[in-house]
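The values are calculated or read from the model by the stated rules, or taken from the named source; none is laboratory data. Everything numeric here is computed off the predicted structure, so don't read it as measured data. We place every Cβ from the backbone using ideal geometry, glycine too, and count neighbours over all the protein chains shown. Quick note on the areas: whole protein, heavy atoms, side chains included, nothing else; ligands and nucleic acids left out. Shrake-Rupley method; radii C 1.70, N 1.55, O 1.52, S 1.80 Å.
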Amino acid sequence: MAETDNKIREPLIELKDIYKIYQMGEEAVHANDGITLTIYQGEFVAIVGKSGSGKSTLMNIIGALDVPTFGEYFLGGEDVSDMEDDELAEIRNKMIGFIFQQYNLLPKLNLLENVELPLLYAGVPAEERKERAFASLERVGLKEKWKNMPSQLSGGQQQRVSIARALAGNPSLILADEPTGALDSKTSREVLNFLKKLNEEGNTIVMITHDSSIALEARRVVQIYDGKINFDGDVNEYAAVL
């Protein structure tokens, strides 16, 4: 992204010298080892790394699922670094929409009820919940199937319901964890194209992946290796070094 763009946009994610250290017997394992990263509103960033690189640990911190051992994390200007569990839950519900590899849909709820769920946790009144859930399902082209159960859908359709659920709360950040990991190549392409469309509409997307070819679908790539950032740049620059 051009520097002038960054001056216009506000930082959404600011990680400052982030360490996450686990004690394994007598050894201290640095899963994240001094990560500094800024992501601006409206970006589509892929965080890519092999298994054990520290990308999942970083995702958990960005997603307010965990806090760093050391360092500072600001999400939308709010310091998330040392929040308690209930405060983290509130931040997640208010600011982040999650898209998971395995969809995480509840099998005994229909599509509308699945999409409504985060709004229910957020205390949104019933009528508004229903309206917002219908609107989200319409955005992913599944409004007509609202009565269906997850088991009646294909994998790609289930992932689109997962995306609708993430959008229902109007989050500041959409965090996609290996969103195509359980899908075939054709369906993966459809989901990635949909994420691109959401980004073009102004949504900030951070996608976690182990697959460099998937990372190339983003606009910016951050590569993690041994708990550190070893590449951060435009997707075209990343393609050139592969």
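The long axis of helix 185-200 is offset from the longest Cα principal axis of the chain by roughly 80 degrees.
Placing a label point 7 Å from the Cα of S151 along the Cα-to-Cβ line, the residues of region 108-141 whose backbone N sits under 16 Å from it are 108-111. Once the Cα atoms are used to define both axes, helix 126-139 deviates from the longest principal axis of the chain by about 80 degrees.
Modelled label positions at L88 and T69, each set 7 Å beyond Cα in the direction of Cβ, lie 1.6 nm from each other.
Looking at the chain from every direction and averaging, what is the projected area of its Cα convex hull in nm²? Mind dumping the intermediate values first?
Details: hull surface 55.5 nm².
Mean projected area for the chain: 13.9 nm², to one decimal.
Taking the alpha-carbon distance from K145 and a cut-off under 23 Å, which lysines remain once sequence neighbours fewer than 8 residues away in the same chain are dropped? Leaving aside lysines fewer than 8 places away in the same chain, those within reach of K145 are K108, K130, K186, K197.
Can you list the residues of region 91-110 with backbone N under 19 Å from a point 7 Å past the Cα of A122, pointing along Cα to Cβ? Inside the label zone: 91-100, 104-106. Packing, taken as the mean count of other beta carbons within 10 Å per residue, orders the peptides 167-177, 32-42 from highest to lowest as 167-177, 32-42.
Taking Cα atoms only, the orientation of helix 155-168 departs from the longest principal axis of the chain by about 80 degrees. The overall shape of region 147-213 is oblate: from the C-alpha gyration tensor, with semi-axes ordered a ≥ b ≥ c, the ratio a/c is 1.5 or greater and a/b is no larger than b/c.
With both residues required to sit in the chain, DSSP beta bridges show an antiparallel share near 55%. Extending 7 Å from Cα along the Cβ direction at A239 and again at K196 yields two label points whose distance is 1.0 nm. The accessible-area ordering, largest first, of the residues Y103, Y22, Y225 stands as Y225, Y22, Y103, per a 1.4 angstrom probe. Here region 132-183 has an Rg and Dmax of 11.0, 31 Å, counting Cα atoms alone. Here the average projected area of the convex hull drawn through the C-alpha atoms of region 83-222 stands at 8.8 nm².
Against the empirical curve 2.2 N^0.38 Å, the C-alpha radius of gyration of region 1-120 lands at a ratio of 1.21. Counted without the sites themselves, the longest stretch of the chain free of GluC sites (Glu not before Pro) in a DSSP loop having at most 14 other beta carbon atoms within 10 Å is 85-200. When a 1.4 Å probe is rolled over the protein heavy atoms, the share of accessible surface on region 43-178 that falls to carbon and sulfur comes to 47 percent. Among the trypsin sites (Lys or Arg not before Pro) in region 109-168, those placed in a DSSP loop whose Cβ has at most 16 other Cβ atoms within 10 Å are K147.
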